[in-house]
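The values are calculated or read from the model by the stated rules, or taken from the named source; none is laboratory data. It should be emphasised that the depicted structure is a prediction, and the values quoted were computed from it without experimental measurement. Note: ideal-geometry Cβ built from the backbone for every residue, glycine included; neighbour counts use all protein chains shown.
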Amino acid sequence: MTPQPTLKERWNYWFDTTLARGPLVLIGFVAIVTTILVLVVTAISLAVPGVRPEGTGAKEVFWHVLFQVLTPNPFDVTSPLPFLLVMLILTLGSLLIVSILIGSLTAGIVERLESLRRGHSKVLENDHTVILGWSHQVFTIIRELVIANETRKSGAVITILAQQDKVEMEHAIRDRIAHTKNTRVICRSGSPADPAKLEIVSLGTARSVIILPPEEGDPDSYVIRTILALTHSPRRRAEPYHIVTHIKEARTLNVIRMIGAKDDLHAVLTGDMIARVTAATSRQPGLSLVYTELLNFTGDEIYFKAEPSLYGKTFGDILNAYEGSAVIGIHQADHTIKLNPPMDLRIAPGDQVIAITADEETLLLSCLTTPPVQTCLIHTSSKRGIPQPEKGLLIGWNESASTIIRELDDHVPDGSAITVVADEVFNDDVQQSAWLKRQKLLFSGGDTTDRALLDELNVAEYDHVIVLADTRLDPQAADARTLVTLMNLRDIAEKSEASFSIVSELLDLRNRELAEVAKVNDFIAPHLISLMMSQISENGELYDVFNDLFDPEGSDIYLKPVTDYVETGQPVNFYTVVEAARRRGEVAFGYRIASSSQDAEKSYGVRINPKKSKEVTFTPEDKIIVLSEEKRFLDP
């Protein structure tokens, strides 16, 4: 039979559990003890003869004892001995009480400071952006949001909740982003999948929520758990959350849409999108630069605007209606997005113009009734030869490789070939891609950084080369191997005077400056996903625009020879270029100057949304940036 606890054990247990409740309980306990001590000593002083000084009453004794407890002071040694003994005992008790009080306050302050350091205190903000999770993408997203928030006169706040240490996150952000301008970044530590931890970042008053999956493990499962915690919290707000995230598997999309059915949820499917961009860029050098210009907040972005004065006009009629903005599509009243729709599509009441412009204030109609189109400089037709088979080289292998090969197979001419160079362990994965219709698939096993292997492949004979990152490695280690391969490829190109294009995948955008030494045509990095998420977090309607833009169906972005549109060697304004593209059923919204393709200060020659009245003298090597289906043509 278990022995019953003694009275002393019960008292000790009660005392321990009471004090363990925190500094406030301890301070309350000290206050009670102090009160009892003052009352007891006062009563003794009044009841025992000779203790209290002569001529003092009950009131004077009480205050005398109270002040002695709070601030012990020396006494005249000529006072009565009983009085001195009582004051000595009182002084010792007061020193004990004051020590406990100071210790309690110190412990409380230390605990509070430690809580602040750990990032467990609640954030009280409104209309802020919440980032749940931590990865290398966080730096690009913060940098873009800082730029987007520059127009907010009252400033803006970004709150981050992740399992990393608060101080470490703050140091990492300061190291990567020198100035956050009018944006404050607040870090808190905790699991985003814990509903209790979500409360500390004030989700109920947030403008948008960005969920960043981890770079290791199962990122889609992390997204699912976080959305569950966010949307099914007992303290969630009544209004829909504006949530932006990215996932790897298409099957995850249906799951999170069910979970977040009541919210404004946008999930970017990363694997296929990056693969499609990589495949398209390999055949169109400079395309990744165009996507970057469209997706970041540094230059011009995509905006919507209702323009009643354009109702009833056709899409082709309004392409030159703006001097400083490039019309690319229509956002119809039923929320359908149409990029580069048929030129005879009429603008109906409730429709909005989709345009590329600096900001909403610059989306202004031109005062010109008749755009100054230089008709005599327009090429009415372009002669194209029969497409010749292409040879592609894919160096490296990761989860995007199969999609890249499939995308290439949809666009290259019949009789083309693609050679994959990767570790032997990927041989089976490569052979599973042997369902190609237009390409012949070849495999060469070996170390992709081995110069001898590259020399044996006769790289100079290929039309385009794609270098993929080894995602099995740490990002820096993977990029280091990629850089070695790029340097070998550039050396081969210079020695053979070959003109093949090179597209490289980098996991860390900071390594781009190192890779530029190899004069690579394009870099594909996860920062494209970060840029897109930043844009969607500010305007959820852009999600459908980007889906349309990156969808293999419909219109795509192309860099086409300027000679297909206008004369070269003489000044031509962009009104004329837009009209030349309109006659081909395309939307022109920029160009790329070949002579500046290696100049970072000039955006590598890419110019999005140029001022239409400004004249440019093109060379035959320059390109016009258009939205096109490559199927629809109009007679001039």
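Search segment 442-475 for residues being within 30 Å of residue 135 (Cβ to Cβ) and among the charged types (D, E, K, R), and hand back the single one that is surrounded by the most Cβ atoms within 10 Å (Cβ to Cβ).
Looking at the filtered set, the residue picked out is 470.
When the residues of segment 282-326 are filtered to those that are under 32 Å from the mean Cα position of the chain (by Cα) and of a type in the set (Lys, Arg), which remaining residue is nearest to residue 144 (Cα to Cα)?
Result: 305.
So is residue 409 part of a loop (DSSP other than H, G, I, E, B), modelled with pLDDT of 85 or more, acidic (Asp, Glu) and over 19 Å from residue 315 (Cβ atoms) or not?
no
Taking segment 136-151 as the search range and keeping residues that are over 9 Å from residue 297 (Cβ atoms) and in contact (Cβ under 8 Å) with a residue 60 or more places away in the chain, which one is surrounded by the fewest Cβ atoms within 10 Å (Cβ to Cβ)?
151
Wholly within segment 461-570, which helices (runs of 4 or more DSSP H) include no fewer than the required count, namely at least 1 residues that are more than 27 Å from residue 148 (Cβ to Cβ) and acidic (Asp, Glu)?
Filter on segment 461-570 gives 475-496.
Out of all the residues in segment 220-262, which are touching a Lys or Arg at 6+ places or on another chain (Cβ under 9 Å) and buried (at least 18 other Cβ atoms within 10 Å of the Cβ)?
Those that are touching a Lys or Arg at 6+ places or on another chain (Cβ under 9 Å) and buried (at least 18 other Cβ atoms within 10 Å of the Cβ): 220, 229, 230, 231, 241, 242.
Within segment 352-359, does at least one residue satisfy the condition of being assigned to a loop (DSSP other than H, G, I, E, B) and surrounded by 15 or more Cβ atoms within 10 Å (Cβ to Cβ)?
Scanning segment 352-359 turns up no residue that is assigned to a loop (DSSP other than H, G, I, E, B) and surrounded by 15 or more Cβ atoms within 10 Å (Cβ to Cβ).
So that you can scan it fast, the table gives a plain yes or no per residue for (1) of a type in the set (A, V, I, L, M, F, W, C); (2) in the same structural domain as residue 139 (by TED's automatic domain parsing); (3) out of contact with any strand residue (DSSP E or B) (no Cβ under 9 Å at 6 or more places or on another chain):
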site	(1), (2), (3)
195	no, yes, yes
198	yes, yes, no
207	no, yes, no
217	no, yes, yes
228	yes, yes, yes
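Can you name every residue in segment 9-50 that is in a loop (DSSP other than H, G, I, E, B) and at pLDDT 65 or above?
Result: 48, 49.
Consider segment 201-219. How many of its residues are surrounded by 18 or more Cβ atoms within 10 Å (Cβ to Cβ) and either within 13 Å of residue 122 (Cβ to Cβ) or touching an Asp or Glu at 6+ places or on another chain (Cβ under 6 Å) (or both)?
3
How many residues are crowded, with 17+ Cβ neighbours inside 10 Å and at pLDDT below 90 when one looks only at segment 380-400?
Of the residues in segment 380-400, 2 are crowded, with 17+ Cβ neighbours inside 10 Å and at pLDDT below 90.
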